[in-house]
1. Counting residues that are in the same structural domain as Ile311 (by TED's automatic domain parsing), more than 17 Å from Gly323 (Cα to Cα) and out of contact with any Lys or Arg (no Cβ under 6 Å at 6 or more places or on another chain), which strands (runs of 3 or more DSSP E) fully inside segment 203-276 reach at least 1?
2. Go through (1) in contact with a helix residue (DSSP H, G or I) (Cβ under 6 Å, 6 or more places away or on another chain); (2) surrounded by 24 or more Cβ atoms within 10 Å (Cβ to Cβ); (3) modelled with pLDDT of 90 or more; (4) small (Gly, Ala, Ser) for Ala347 and report which single condition fails.
3. For segment 174-202, name all the residues that are free of Cβ contacts under 8 Å to residues at least 24 places away in the same chain and either part of a strand (DSSP E or B) or of a type outside the set (Asp, Glu) (or both).
4. In segment 109-127, is there at least one residue being out of contact with any Phe, Trp or Tyr (no Cβ under 9 Å at 6 or more places or on another chain), of a type in the set (A, V, I, L, M) and over 25 Å from Tyr351 (Cβ atoms)?
5. Please work out if Ile5 is within 26 Å of His124 (Cα to Cα), in a strand (DSSP E or B) and not polar (S, T, N, Q).
6. Name the residues in segment 146-173 that are among the small types (Gly, Ala, Ser) and either in the same structural domain as Thr371 (by TED's automatic domain parsing) or free of Cβ contacts under 8 Å to residues at least 24 places away in the same chain (or both), would you?
7. With the requirement that a residue be under 18 Å from Tyr93 (Cβ atoms) and basic (Lys, Arg), what does segment 60-80 give you?
8. Pairs only if they're at least six apart or on different chains, beta carbon under 8 angstrom, first in segment 40-56 and in contact (Cβ under 8 Å) with a residue 40 or more places away in the chain, second surrounded by 13 or more Cβ atoms within 10 Å (Cβ to Cβ) and of a type in the set (Val, Ile, Thr); list them, first residue then second.
Amino acid sequence: MRVVIIGAGVAGQRLASKLCDEKHDVVVVDHRAKPLEEITSELDVQTVLGSGISPRILEEAGVAKAELVATVTSRDEINILAAVFAHAAGARYTVARVSSDELTSKRPMEHLSALGIDLIVNEHDESARAVLSVLDLGGAKEIVSMVEGRIQAVGADVPSGSPLLAGPLKDFPHPDILRNVRLIAVMREEKLLMPHGDMTFEAQDTIYCVGQPANVRAFLSLVRPYQAVIHKVVIAGGGNVGQRLARHLERTDKQIILIEENSERAHECSASLKKSMVVSGNALDRAVLDEISITRDTAIVAATGNDENNIIACLLAQKLGAGFGIALISKPEYVSIINEAKLLDRAVSPYLATMNAILRFVRGTSIRATTLLQNVPGELLEVHVSEGSKLVGRTLKDMRLPRRAVVAAIVRGEIAAIATGDTALKEGDRLIVFAPLGAASKLESVFRR
């Protein structure tokens, strides 16, 4: 598939890298020579130097033959205009990244759709949703919802004292609950392990399980019996993500406290929020945190515009007794360091959230949705069994899947269930598959048969 990416910043580079892994024909356009040189030194892509809103440059990039044009620069107006021009030039699908609230309300979205933009991705919305999903299941490192929310994949650390440490997986003391979820991956000291019946676990292993949300929650409540329930959320930073998150949380029964250093911005937050307490102050100030009373049932979400301050705010709050810490991190290199060192409970990357939203839109013949996992070198795929497929009637155990690929769940009509080796495929089945990075194209060839 030919994909044209407008913008060679962090978002563009990460999207290009992922699409190159899957053997797509990628063209990157940017008006700056240096990022294009950086991207060609690492990836096999074509680059075009020039403005993404220049018809001549778009023609040179071949947007008329593109299956997808993704506009991911840091400027909303450039992204929108480039997407509109690409649509007019003949691109099949266009996706635009934006940051403005005004552009993602209902009426503007309708207008942009009428102009030929197929998907508007607001990175602040995506980041807020990522944080909200983690808070909904306290203690989770990562939560991914698929198939309209009927299937959930959750990553969580195994604490000391967990029943999962008592013996091999096949001897788990609650087999009835274990049957309703599928373990798809274990991360141990940066190494990916594939779960099996004889596997024994270690404290601080990160496990990933898939199942219906209620079953995943029941399993994790057994695996993590001492995880504190979050009743209060402290949000450091009243910017785009912080305010969005507070508005989402106001629909829950949690106590919300938002800390904003800029007094004028704090006043705006107070006026726009209904149930949240807004504190004008610095989340790095010990006195401010002492005043709002940090306890074990408190989660700290650091969402300022400064990565370093977000990390320090989480560490300080956790030192004062917070039960959970989430930091918004823009620099990709920081995310990997935080995860490897287990410095914080969770780092949320706006770029990864944005990229996952775009990847979910990249549709192949069989693979209809893709979500990269943040802490595991792999991804979750939603694979459809097409009409007339030669795989219809075959069982999963008879299929030659790529190494380490795991069919975790199957959705058939309105029924979602854990897949087993004896599951026979039918037309229209939707499979949730975990695959190591780079295996999606192999899976596509398997299900295209």
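1. In segment 203-276, the matching strands (runs of 3 or more DSSP E) lie at 255-260.
2. (3)
3. Across segment 174-202, the qualifying residues are Pro175, Val186, Arg188, Lys191, Leu193.
4. Taking segment 109-127 first, the residues out of contact with any Phe, Trp or Tyr (no Cβ under 9 Å at 6 or more places or on another chain) are 109-117, 120, 122, 124-127.
Filter again for of a type in the set (A, V, I, L, M), leaving 109, 112, 114-115, 117, 120.
Still in the list and also over 25 Å from Tyr351 (Cβ atoms): 114-115.
The answer is yes, given that some residue of segment 109-127 is out of contact with any Phe, Trp or Tyr (no Cβ under 9 Å at 6 or more places or on another chain), of a type in the set (A, V, I, L, M) and over 25 Å from Tyr351 (Cβ atoms).
5. yes
6. Hit for segment 146-173 is Ala166, nothing else.
7. Answer for segment 60-80, where residues must be under 18 Å from Tyr93 (Cβ atoms) and basic (Lys, Arg): just Lys65.
8. Gly52/Ile6; Gly52/Val29; Gly52/Thr71; Gly52/Thr73; Gly52/Ile78
The values are calculated or read from the model by the stated rules, or taken from the named source; none is laboratory data. This structure is a prediction, so every number in the text was calculated from the model and none was measured. Cβ atoms come from the backbone with ideal geometry, glycine included; neighbour counts cover every protein chain shown.
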